[in-house]
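First up is the structure itself, then whatever we jot down about it.
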Amino acid sequence: MFVCEGFATSSADQPLTQTSIERRDVGERDVRIDILYCGVCHSDLHQARDEWHNTIYPCVPGHEIVGRVSEVGAAVTRFKVGDLAGVGCMVGSCQACPNCSDGLEQYCDKGFIGTYNGIEPQTGKVTFGGYSEAIVVDEGFTLRIPENLDLAAVAPLLCAGITTYSPLRHWKVGPGQKVGVVGLGGLGHMAVKLAHAMGAHVVLFTTSPGKVEDGRRLGADEVIISTRPEEMEAHINSFDFILDCVAADHDVNAYLNLLKRDGTMCQVGAPEDPLSVAAFSVIWKRRNFSGSLIGGIAETQEMLDFCAEHGITSDIEMIAIQDIEAAYARMLKSDVKYRFVIDMQSLKDSRAAA
Ligand code: NAP
Ligand code: ZN
């Protein structure tokens with residue numbers, strides 16, 4: 001066991017503050033990663049504030065982690081000290097169920113082990129995420145990071161990237177298809193970039209008129225202000241696929257009605273309260289309403305390699321870890337361009353000053 005610094009919250013209504021946390025020693029199959037950057041996902045905020053009603057406190061969020069390997073266990077074969085490495089939303093799974101056997105560890109029948117708010121099988125303790133100096137992870141859940149990309153801008157690919165890549169691939173998005181992306185936040189802006197790179201005709205739906213120009217720059221062929229009914233009606237019965245990346249309550253029927261026959265709308269945004277689907281939204285035109293959870297480890301590596309090949313990273317705003325609460329406040333106002341990333345040097349600096 002070793003101690004390192006992190007940012008934690010002790011209850012749903014308390015801010016995150018600097019705290020010393022314990023990490024397990026590097027085991028045979030583990031790598032220790034000294035964290036350079038960690039993206040700030042809206043899931044971190046949902047979890048810190050117990051909006052999914054399952055948070056174990058203290059909670060150290062963060063599951064978009066990029067860093068350098070500083071120690072490896074005796075049985076580790078894929079990493080050596082000094083290598084770049086990444087960790088996303090999972091740090092373990094049963095490895096035996098049909099879903100794990102298919103490389104879909106996120107759908108593990110025993111439940112995947114979350115990078116935070118999970119129970120670490122090695123110690124029986126709660127997992128702590130990437131808002132910290134270091135993390136120890138099984139090499140099987142550690143990703144290789146391409147050397148040719150900006151490291152801070154790569155971090156959000158580990159969640160926002162794979163969460164949007166996986167459904168776009170599963171529903172075979174490509175040339176000749178009209179694809180909608182709802183919400184230009186962390187996930188949404190990655191979905192726009194990825195669907196564009198896959199060759200689809202991309203339509204962005206936003207509630208923020210100030211994001212229209214950015215939407216086009218990021219790869220949208222059309223941008224619709226979703227609060228304007230006439231703009232929505234012009235697209236009725238026309239979409240092959242729509243990816244809903246919205247973090248708050250909203251009317252999904254407005255989007256389902258834009259799908260053509262047998263079209264699919266996939267929910268990746270995870271608002272606190274249930275969404276209401278009108279029966280006739282799916283009865284008409286035999287439409288599908290589905291969902292998707294992050295992506296498996298092999299597919300995450302495939303996504304990173306796809307991004308390296310296409311020069312795709314996240315558009316980021318770098319913050320010091322001490323500014324995390326201000327970042328959350330802006331996130332709640334849909335005011336992020338388009339992902340906050342914590343420079344972990346800020347944590348090392350404050351430790352040195354103390
Ligand atoms: P984010 O950066 O805060 O983006 C959410 C976007 O949704 C906003 O930028 C805004 O876009 C839109 N929006 C916000 N409030 C809205 C409202 N009331 N009505 C309509 N649109 C609204 O969040 P994120 O990090 O991308 O995460 C999005 C959601 O995905 C979260 O719920 C998160 O927990 C979830 N998530 C799911 C998975 C998964 O595996 N399924 C993985 C990661 C995250 P505009 O300004 O363009 O309207
Ligand atoms: Zn996330």
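The values are calculated or read from the model by the stated rules, or taken from the named source; none is laboratory data. As the structure is a prediction and not an experimental result, all values here were calculated from the model. A quick note on method: Cβ atoms are made from the backbone with ideal geometry, for glycine too, and the neighbour counts reach across all protein chains shown.
Can you tell me how many residues within the stretch 275-306 are away from ligand 1 (no atom under 11 Å from the Cβ), surrounded by 14 or more Cβ atoms within 10 Å (Cβ to Cβ) and within 17 Å of the chain's Cα centre (by Cα)?
Matching residues across the stretch 275-306 total 9.
Quick grid of which residues meet (1) over 24 Å from MET331 (Cβ atoms); (2) in contact with a helix residue (DSSP H, G or I) (Cβ under 9 Å, 6 or more places away or on another chain); (3) of a type in the set (S, T, N, Q):
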{"site": "GLY140", "(1), (2), (3)": "yes, yes, no"}
{"site": "ILE145", "(1), (2), (3)": "yes, yes, no"}
{"site": "LEU168", "(1), (2), (3)": "no, yes, no"}
{"site": "TRP171", "(1), (2), (3)": "yes, no, no"}
{"site": "GLY199", "(1), (2), (3)": "yes, no, no"}
{"site": "LEU204", "(1), (2), (3)": "no, yes, no"}
{"site": "PRO209", "(1), (2), (3)": "no, no, no"}
{"site": "ARG217", "(1), (2), (3)": "no, no, no"}
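Output the residues belonging to the stretch 333-351 that are farther than 12 Å from GLU5 by Cβ and away from ligand 2 (no atom under 16 Å from the Cβ).
Correct list: LYS333, SER334, ASP335, LYS337, ASP343, GLN345.
Looking at the stretch 63-84, is at least one residue within 13 Å of ligand 1 (Cβ to nearest atom) and not polar (S, T, N, Q)?
yes
Please verify whether the stretch 220-227 includes one or more residues that are more than 16 Å from ligand 2 (Cβ to nearest atom), at negative phi, of a type in the set (D, E, K, R) and within 21 Å of the chain's Cα centre (by Cα).
no
Mind listing just one residue for me: the one in the stretch 144-164 that is within 15 Å of ligand 2 (Cβ to nearest atom) and polar (S, T, N, Q) and, of those, nearest to the chain's Cα centre (by Cα)?
Among residues in the stretch 144-164 that are within 15 Å of ligand 2 (Cβ to nearest atom) and polar (S, T, N, Q), the one nearest to the chain's Cα centre (by Cα) is THR163.
Mind counting the residues in the stretch 171-198 that are among the charged types (D, E, K, R), more than 15 Å from SER314 (Cα to Cα) and in contact (Cβ under 8 Å) with a residue 40 or more places away in the chain?
The qualifying residues number 1.
Somewhere in the stretch 38-49, is a residue more than 16 Å from ligand 1 (Cβ to nearest atom), closer than 27 Å to ALA153 by Cβ, hydroxyl-bearing (Ser, Thr, Tyr) and surrounded by 24 or more Cβ atoms within 10 Å (Cβ to Cβ)?
No.
Would the stretch 75-83 turn up any residue that is closer than 17 Å to ILE162 by Cβ, among the small types (Gly, Ala, Ser), in the same structural domain as SER10 (by TED's automatic domain parsing) and at pLDDT 95 or above?
no
Checking PRO167 against (1) within 16 Å of ligand 2 (Cβ to nearest atom); (2) out of contact with any Ser or Thr (no Cβ under 6 Å at 6 or more places or on another chain): exactly one of these is not met. Which one?
Condition not satisfied by PRO167: (2).
Name the strands (runs of 3 or more DSSP E) wholly inside the stretch 1-75 in which the number of residues that are in contact with a Phe, Trp or Tyr (Cβ under 6 Å, 6 or more places away or on another chain) and among the charged types (D, E, K, R) is 1 or more.
17-23
Would you please name the residue that is surrounded by the fewest Cβ atoms within 10 Å (Cβ to Cβ), looking only at residues in the stretch 164-188 that are more than 12 Å from ligand 1 (Cβ to nearest atom) and assigned to a helix (DSSP H, G or I)?
HIS170
Of all residues in the stretch 84-118, count the ones that are part of a loop (DSSP other than H, G, I, E, B) and of a type in the set (Val, Ile, Thr).
1
Is it true that some residue in the stretch 267-274 is surrounded by fewer than 14 Cβ atoms within 10 Å (Cβ to Cβ) and not assigned by TED's automatic domain parsing to the domain that holds LEU218?
no
Kindly indicate whether any position in the stretch 220-242 is of a type in the set (Gly, Ala, Ser), within 25 Å of LYS333 (Cβ to Cβ), part of a helix (DSSP H, G or I) and free of Cβ contacts under 8 Å to residues at least 40 places away in the same chain.
Checking the stretch 220-242: not a single residue is of a type in the set (Gly, Ala, Ser), within 25 Å of LYS333 (Cβ to Cβ), part of a helix (DSSP H, G or I) and free of Cβ contacts under 8 Å to residues at least 40 places away in the same chain.
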